[in-house]
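The values are calculated or read from the model by the stated rules, or taken from the named source; none is laboratory data. The shown structure was predicted, so the numbers you read here are calculated from the model rather than taken from an experiment. Accessible surface is based on the protein model in full, side chains and every heavy atom, while ligands, DNA and RNA are left aside. Shrake-Rupley method; radii C 1.70, N 1.55, O 1.52, S 1.80 Å.
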Amino acid sequence: ADQNWSRRYWKPINSYGYRAKPINSEETKAKKNILILGSSYTAGDGINHIKDRYSNKLQKMVPDSYLVHNLGLCGSEAIDAFKRLNEYPAKPDILVFAHTTKSIKGVGGKNSNNSMRNYGIDQELNIIFRFIIRNSYLANYLFWKFYAPAKLQERYLSDLENNPVFLYLQREKISAHLNNLQKFINYSKDNNIPLIVISFTAMNNSIAFSNVIVANPIERYFAHKNIPVISVYDLVKDIPYTERTINSSDAHPGIIVHHLIAEKLFETLKENHLIN
């Protein structure tokens, strides 16, 4: 079902691999460019139509002289995001970096992404059941909805040492991560480009935990550097889990969260006199 959703909704895709319309070089030269760097939360995983993402909603709010670019890429972390910033053909007049719990995983080694794994649960089935699970929408749904979650939770708890969230508790890892985040600040200062940070927590039931472990220290770091920070936790903490996420099986931000972020980002741009 997830693959079917992607085939149906993950479009348009431009020549740089982003879920966005083709880049018009003449338009980028004529307008002020707002570049938003992020991962699947920014790309809009689970959002059927790009018009409902916070980047596209922001485009509707800003004057016509501004052009918003969505550089969201699923699985991206800070190191990768900075590399993509330098490779993108349009240079920003305003830079927005969306930090998530997984932004640190680039310093954690190849095993620091266990929240993305399925741990081969379906591989443990005999060949007949595995064939049915992989070729029937109903069987696939029932398997991942009712059977697999308990197994996944068991494997997940036994593999916490590789969870990206816990990298924030390791002095060496968080130090390396902050050094990577400093690159965005240096880029901003060296090129005289305003920087705004969107600080995401996890959207699932661990939202408060990830806010304390991940978002709070990252927000303090950027605030100490006089960088405006938007706390997504403050925007969504009172919204029920079922309303702030795509659905019970997909904890990516839902449409209401994208709307709130767009409003807050527009407000932040105005407060800092970054838009006319």
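Taken over the alpha carbons of the chain as equal point scatterers, the Debye sum produces base-10 log I(q)/I(0) values at 0.11, 0.17 Å⁻¹ of -0.65, -1.48. From the Kirkwood radius over Cα pairs of the stretch 124-272, Stokes-Einstein at 37 °C and 0.692 mPa s returns a whole-number translational diffusion coefficient of 180 µm²/s.
Express as a percent, rounded to the nearest 5, the fraction of DSSP beta bridges in the chain (both residues included) that run antiparallel.
Details: 2 of 21 bridges.
Rounded to the nearest five, the antiparallel share is 10 percent.
Round to a whole number: what % of the accessible area of the chain belongs to carbon and sulfur, probe 1.4 Å? Walk me through the numbers before you get to the answer.
Working: 7440 of 14440 Å².
Roughly 52 percent of what the probe reaches on the chain is carbon or sulfur.
Residue ranking by accessible heavy-atom surface, 1.4 Å probe, largest first, among R155, R171 comes out as R171, R155.
Plugging the Kirkwood radius over Cα pairs into Stokes-Einstein for the stretch 19-154, at a temperature of 10 °C and a viscosity of 1.306 mPa s, what D comes out in µm²/s?
Working: Rh = 17.7 Å.
It comes out at roughly 90 µm²/s.
Rounded, prolate or oblate: pick one for the stretch 139-186, where a ≥ b ≥ c are the square roots of the eigenvalues of its C-alpha gyration tensor, a/c under 1.5 means rounded, and failing that, prolate if a/b is larger than b/c, else oblate. Cα axes put the stretch 139-186 in the oblate bin. What does the C-alpha gyration tensor say about the overall shape of the stretch 199-266? Classify as rounded when a/c is under 1.5, otherwise prolate if a/b is larger than b/c, or oblate. Oblate, since a/c reaches 1.5 and b/c is not below a/b.
Nearest 500 deg cm²/dmol is fine: what mean residue ellipticity at 222 nm does the chain get from its DSSP H runs of n ≥ 4 alone, each adding -39,500 (n - 2.57), divided by its residue count? Kindly include the intermediate steps, with their values, before the conclusion.
Numbers: 15 runs with 124 residues, N = 276.
The helix-only estimate for the chain comes to -12000 deg cm²/dmol at 222 nm.
Just to confirm, what accessible area per residue do you get for the chain at 1.4 Å probe, in whole Å²?
52 Å²
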